[in-house]
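None of the figures in this text is laboratory data; all of them are computed from the coordinates on show. What you see is a predicted model; the values in this text were computed from it and never measured. Don't worry about glycine lacking a Cβ; one is built from the backbone with ideal geometry, like all the others, and counts go over all protein chains shown.
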Amino acid sequence: MKKADFDFTEEKVIDACTTWVNFSGFTGEQCGKCKKKANVLVSRFDWTCVCGHRNLQKRHHPHESPDLGPTQAFLRAAYAKAEKRKKAPA
């Protein structure tokens, strides 16, 4: 994966949380080769780091300040907006 694959806009996170993700949607992972910490969107059983190493998703709580992916604070803010959007009348 490229670093851009770990870049998420707030709108991408909100969209995922309001359309197909029934929970926070991200898990905190660490690459088994280069040891970079990454907050990865849950979608499969594995993920590929920028170093090229394939890792299994262990599904831990997101990291506060990962090397790759959105921060925990960014995710919390996006989740709050997604919840408001879900509760808004159609």
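Some points to look at:
- Most positive-pole-ward Cα, Gly32, Val50, Ala88, against dipole of the chain from beta carbon charges: Gly32
- Estimated from the Cβ-Cβ distance and a Förster radius of 35 angstrom, the FRET efficiency linking Lys3 and Lys84 is about 0.70.
- With contacts taken as Cα pairs under 8 Å and at least 6 residues apart, the chain reaches a relative contact order of 33 percent.
- Orphan Cys of the chain, criterion: no other Cys C-beta under 4.7 Å: Cys17
- Nearest 10 degrees, 0 to 90: helix 72-87 Cα axis against the chain principal axis: 30 degrees
- Residue pairs, from the table Lys37/Lys81; Lys12/Lys37; Lys33/Lys81; Lys36/Lys84; Lys12/Lys58; Lys58/Lys81, whose Cα atoms sit over 29 Å apart: Lys33/Lys81; Lys36/Lys84
- Net length gained if the chain between His60 and Glu10 were fully extended (0.36 nm per residue, minus Cα distance): 15.9 nm
- With the simple model of a label 7 Å out from the Cα in the direction of the Cβ, Thr18 to Asp46 spans 3.5 nm.
- Cα-based helix-to-principal-axis angle, 10-19 vs the chain, degrees rounded to 10: 70 degrees
- Average 1/r across all pairs of distinct alpha carbons in the chain, invert it, and you get the Kirkwood radius: 13.4 Å.
- Using only side-chain charges placed at the Cβ, +1 for Lys and Arg and -1 for Asp and Glu, the dipole size of the chain relative to its Cα centre rounds to 160 debye.
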